[in-house]
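One structure is given here, and the rest of the page talks about it.
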Amino acid sequence: MLNHLVHQLSKPIRALLFLTFLVELLALVPMVYMLSLFQRAIPTGSYATLISLTLFVVGAYILWGTLEWVRSQILARVALRLDWDHSPDVFDAVFRAQLQKQAINPHQIMSDLSELRSFVSGPCAVAALSLPFAVIFIAFAGFIHPWLAGFMAIMLTALAFSAYLSQRSATPILRAANDSAQAAAQSAGIFGRFAEVTSTLGMQPAARARWYQSHRNSLGLGLAAKEAQGLTQGVSGFINRSMADLAKALVAVLAISGTVDPSFVFIAAMLIAKTAAPINVLLTNWAAIVKARQSGDRIQKLLADYPPAPESMSLPPPKGRLLVDNVAGGPPNSDKELILGVSFSLEPGSCLAIAGVSGAGKSTLAKLLLGLYKPSSGSVRLDGVEVSTWPHVALGRHLGYVSQEVVFFEGTVAENIARLGEPDSEKVIRAAQAAGIHELILRFPQGYDTPLGDAAKFGLSGGQRQRLAIARALYGEPKFIVMDEPNANLDEKGEADLVATIHRLRQAGATVVITTHRPRVIGAADQVLIIKQGKSVMFGPTQTVIDRIRALKAGNAGHEESLSESEREEVLQQLPTSASPRTPT
């Protein structure tokens, strides 16, 4: 990323180097002014010379300040360009990493961009730009005497080499300290996020002990980093102080021998201070440099590991024809397959209820159907297209999904139903009515304009959250809807509304897949799939499956379905006595 940024911003960087060259040239003005005072104004006693020199140096200072201001503005805009150009890519990469169940800290990754932006516009960037122009001051020292230029070159090399050795030992400690501090902050954030559970179950002392151990570790590493930096600063401080005095002594020897003017003693000290200034700034801010480098490395690795999907040809909206062919798979980055060879097909207007004992793999199958998980073998095709290869940016608006963990984002009720897009009032109300929640939303404090999200003061019950999630899934009238336990928190009225919603969706020609343990919802489906340990043990029309399960329990059928007696009983409790008589017209 950083190499690409340098190439992309080559023109601003060239402008910055040119401005820095001019600024460093103007840094010679105070030295020339002092030489002129001692060699021209004072010996001749000319006030005119003094005034003209002073006016010249004031004008040079004005130009100097202007150029520094322009440089700072360019740096600020380069930093802003860094954020503008890469923050969308970083956001998308974080999104893709989380979809693949990667253990990353999204807050840290996003703050890395701010860290880089601050670094680019800060003093370290200015020092890095100024460092190559130390040759200007060495050349000016050569104008005074070659020995002074050679001395400065040797001492600056020694300063840079000592800094390199010291920072080579300090950098790993600084990196470890930064990582440990981030881990401690993340631990505190997790415990704080679930403060109610932590407090209610009396877990606060144990949580505090775990956080404090991580915090103590970060403090210890921070202290070790400070000690390593202290050694660096001590060595560089010694070289800096000795450089200045030794340069004065060298010029004094040359002045005593009559080789140079005595006024050059002061100029030598100024040259040393100005030449070593960039290195000193970098050494003083080395912790910030290491932190920025870590941020850049994390962002670069993230973008390399999770590149954007290649653009593909746009496809027509799906009609809802689903074909699942011997699909197997599980969560990303997991060697365990939770679904093993499941096959079935659905036509538009069908509703499939997926049932089974707890842990059978129902939620995993639902995510495979949506393309959230990529099959390890087999295929899931929607209108003939493999779902996992269909970009969700294009497919998502044609899908409806209700997950077990319902989450709403900062925004109004209408904005959340509209999936954070610009709400279409007619579509929002239609989705809410289809989910049977329109009247309930009107009773909210601000109706459809009621704010939701973590910062919202208005709290939703579990049932209200699920019904709003159903409305969001129905926004835009998608033709393929998957609901994972959508009635877990619904009361009898909410469940009746859900059943009515399923019938309306079927009448509209949508394909619905629902995982549930409730007989009433299963009765609204025309197809039932029963899975056990990721395998399909029974699939067919709802009434047929109900009859087969009852026959198995009564011992009037074979045992090829491989359901144990307890599993049959559990599945039987999920099934209605008969399929719902309501069917799409």
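How long are the three semi-axes of the equivalent ellipsoid for the chain, computed from the Cα gyration tensor as the root of 5 times each eigenvalue, in whole Å, largest first?
Each semi-axis is the square root of five times an eigenvalue, giving 72, 25, 21 Å.
State the answer as a single residue: which of Gly436, Ser363, Ser345 lies farthest towards the positive end of the charge dipole of the range 293-448, with beta carbon charges of +1 for Lys and Arg and -1 for Asp and Glu, about the Cα centre.
Result: Ser363, furthest along the dipole toward the positive end.
How about the range 84-142: which trypsin sites (Lys or Arg not before Pro) there lie in a loop by DSSP and see at most 14 other Cβ atoms within 10 Å?
Of the trypsin sites (Lys or Arg not before Pro), the ones in loops of the range 84-142 whose Cβ has at most 14 other Cβ atoms within 10 Å are Lys101.
First measure r as the distance between the Cβ atoms of Ala273 and Leu25, then evaluate 1/(1 + (r/R0)^6) with R0 = 22 Å and state the FRET efficiency to the nearest 0.05.
Calculated transfer efficiency: 0.85.
Taking amide H atoms as placed 1.01 Å from N in the peptide plane, list the residues 5 or more away in sequence, or in a different chain, whose amide H sits under 5 Å from that of Tyr401.
HN-HN under 5 Å from Tyr401: Ala473, Val482.
So if I place +1 on the C-beta of Lys and Arg and -1 on the C-beta of Asp and Glu, and nothing else carries charge, what would the dipole magnitude of the range 377-488 be about its Cα centre? I want it in debye, nearest 20.
180 debye
What does the extension gain come out to for Ile154 and Arg77, with contour length at 0.36 nm per residue minus their alpha carbon separation?
Length gained between Ile154 and Arg77: 24.0 nm.
So, by mean Cβ neighbours within 10 angstrom, what's the order for 256-262, 56-62 with the highest one leading?
Averaged packing, sorted descending, gives the order 56-62, 256-262.
In debye, nearest 20, what is the charge dipole magnitude of the range 7-126 about its Cα centre with +1 on Lys and Arg Cβ and -1 on Asp and Glu Cβ, if you could check?
About 200 debye.
With all protein chains present, how much of the accessible area of the chain (probe radius 1.4 Å) comes from carbon and sulfur, to the nearest whole percent?
60 percent
What are the extents of the Cα atoms of the range 475-541 along their three principal axes, listed from largest to smallest and rounded to whole Å?
33, 27, 19
When the chain is fully extended, how far beyond the present Cα-Cα distance does Trp69 get from Ile51, taking 0.36 nm per residue of separation?
Between Trp69 and Ile51, full extension yields an extra 3.8 nm.
Would you mind getting me the FRET efficiency between Thr284 and Ala500? Use the beta-carbon distance for r and R0 = 60 Å, nearest 0.05.
Rounded to the nearest 0.05, the efficiency is 0.30.
Restricting the calculation to Cα positions, tell me the Rg (one decimal) and the Dmax (whole number) of the range 1-156 in Å.
According to the Cα coordinates of the range 1-156, Rg and Dmax are 22.8, 80 Å.
If you average the C-alpha positions of the range 374-407 and of the range 104-160 separately, how far apart do those two centres end up, in angstrom?
51 Å
In terms of modelled amide H atoms, which long-range or inter-chain residues lie less than 5 Å from the amide H of Thr511?
Hits under the 5 Å cutoff: Gly349, Phe480, Ile481.
Length gain on complete extension for the stretch Gln213 to Phe161, per 0.36 nm per residue less the alpha carbon to alpha carbon distance?
Using 0.36 nm per residue and subtracting the Cα-Cα distance, I get 15.0 nm.
Give a residue-ordered list of calculated ³J(HN,Hα) values for the range 512-520 (Karplus: 6.51 cos²θ - 1.76 cosθ + 1.60, θ = phi - 60°; whole Hz; x for Gly, Pro).
Residue by residue, the range 512-520 yields 10, 10, 9, 9, 6, 10, 9, x, 5 Hz.
Are there DSSP H segments in the chain that both extend 15 Å or more along their axis (alpha-carbon positions) and score a mean Kyte-Doolittle hydropathy of at least -0.5? List them, or say none.
10-26, 47-99, 106-120, 134-144, 146-193, 204-256, 264-284, 286-305, 462-474, 542-554
Identify, among Trp84, Leu16, Thr54, the residue whose Cα sits farthest towards the positive end of the charge dipole of the range 10-148, taking +1 on the Cβ of Lys and Arg and -1 on the Cβ of Asp and Glu, with the dipole about the Cα centre.
Working it through, the farthest residue towards the positive pole turns out to be Thr54.
To the nearest 0.05, what FRET efficiency results for Ile62 and Val385 with a Förster distance of 56 Å applied to their C-beta separation?
0.25
Return the distance in nm (one decimal) between the two label points of a simple spin-label model at Arg443 and Ser461, each offset 7 Å from Cα along Cα→Cβ.
So the two model labels end up 0.8 nm from each other.
Hey, what's the chain come to in accessible area per residue, 1.4 Å probe, Å²?
Ligands and nucleic acids excluded, the result is 51 Å² per residue.
Cα centroid distance between the range 463-482 and the range 421-440, in Å?
Comparing the Cα centres of the range 463-482 and the range 421-440, I get a distance of 10 Å.
Give me the dipole magnitude in Debye, nearest 20, for the chain about the Cα centre, with unit charges on the beta carbon: positive for Lys and Arg, negative for Asp and Glu.
700 debye
Whole angstrom only: what separates the Cα centroid of the range 312-352 from the Cα centroid of the range 233-311?
First find each Cα centre; the distance between them is then 61 Å.
The values are calculated or read from the model by the stated rules, or taken from the named source; none is laboratory data. It should be emphasised that the depicted structure is a prediction, and the values quoted were computed from it without experimental measurement. Methodologically, a virtual Cβ is constructed for each residue, glycine included, from the backbone with ideal geometry; neighbour enumeration extends over all protein chains shown. Ligands, DNA and RNA are stripped out before the accessible areas are found, and what is left, the full protein with its side chains, is counted by its heavy atoms. Shrake-Rupley method; radii C 1.70, N 1.55, O 1.52, S 1.80 Å.
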